[in-house]
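> Take this structure, written in structure tokens, and hold onto it; I'll ask about it next.
The values are calculated or read from the model by the stated rules, or taken from the named source; none is laboratory data. The model shown is predicted, which means the values in this text are computed figures rather than measured ones. Glycine gets a Cβ as well: all are built from the backbone with ideal geometry, and neighbour counts include every protein chain shown.
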Amino acid sequence: MSPLDRAVLDAGRRVLREHGWHATTAERIAAAAGVSRVTLHRRGIRREHVLQGLAQLAVASYRDALWPVLLRDGTGAERLAAAVDALCDVAEQHLDVLVAIQSASGEVFHDDTTGEADTRSEFTAPLEKLLRDGLADGSVRVEDVHETAVVLFNAVGWTYVHLRTQHRWPPARAREGVAGLVLRGVVA
């Protein structure tokens, strides 16, 4: 059995949903997984490892959601709108994990190799491709593709999470509000 098997990750997600990141403990995760705290300790599992594992699942969901959008037909703007929609879907699916990441650390999403942290390319590259396609077909207007992709990823994802969790907006209202605003800024 791997240190972070699916049962431990599922237990961690249940504890996050019920208690939030600050009250998530290894003891609670162990209890939810049906194992002792000592078992997790012997396997070297801390709550941060569980959050990292859940973050990896969220990253995989994002990649899986964006891949079909990159391959579909349509203008860059149409495909960008579908990507924004997919980003909202992934954020909705992983709300608890995203809120915990905001509380714990941003390193899941950022490359901090220089003085200024940048959003990791695995998140921005799909959006950059769609923006370049939109520039080529005239359906998108932007000056800096990379910077716009960074802003889009963060504006959509984190604003959606904020509206859903802090304002308690329903998913459709949060999606329409965020998507409508950001797409009006880039669609020609």
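> Looking at region 111-124, is at least one residue assigned to a helix (DSSP H, G or I), surrounded by fewer than 18 Cβ atoms within 10 Å (Cβ to Cβ) and modelled with pLDDT of 95 or more?
Within region 111-124 (the criterion being assigned to a helix (DSSP H, G or I), surrounded by fewer than 18 Cβ atoms within 10 Å (Cβ to Cβ) and modelled with pLDDT of 95 or more), the answer is no, since none of the residues qualifies.
> For region 10-41, which residues satisfy the criterion of being under 21 Å from Ser103 (Cα atoms), surrounded by 17 or more Cβ atoms within 10 Å (Cβ to Cβ) and among the hydrophobic types (A, V, I, L, M, F, W, C)?
Ala11, Val15, Leu16, Trp21, Ala26, Ile29
> Right, here's the next one. Asp73 passes all but one of (1) closer than 23 Å to Ala149 by Cβ; (2) outside the structural domain of Val142 (by TED's automatic domain parsing); (3) among the charged types (D, E, K, R); which number fails?
So the condition that Asp73 fails would be (2).
> Regarding Ser61, is this residue modelled with pLDDT of 95 or more, in a helix (DSSP H, G or I) and out of contact with any Ser or Thr (no Cβ under 6 Å at 6 or more places or on another chain)?
yes
> Ok, one more. Could you tell me how many of the residues in region 68-89 are assigned to a helix (DSSP H, G or I) and more than 15 Å from the chain's Cα centre (by Cα)?
Number satisfying all stated conditions: 11.
> When you check Leu4 against the structure, is it under 18 Å from the mean Cα position of the chain (by Cα) and either farther than 16 Å from His94 by Cβ or in a helix (DSSP H, G or I) (or both), yes or no?
no
> In region 125-149, what residues are β-branched (Val, Ile, Thr), assigned to a helix (DSSP H, G or I) and buried (at least 19 other Cβ atoms within 10 Å of the Cβ)?
Passing the criteria: only Thr148.
> Collect the residues in region 120-176 that are closer than 14 Å to Leu87 by Cα and of a type in the set (S, T, N, Q), keeping them in residue-number order.
Thr124, Asn154, Thr159, listed by residue number.
> Also, quick follow-up: Can you tell me which condition Ile29 does not meet? The list is (1) at pLDDT 95 or above; (2) assigned to a helix (DSSP H, G or I); (3) assigned by TED's automatic domain parsing to the domain that holds Glu176, and all the others hold.
(3)
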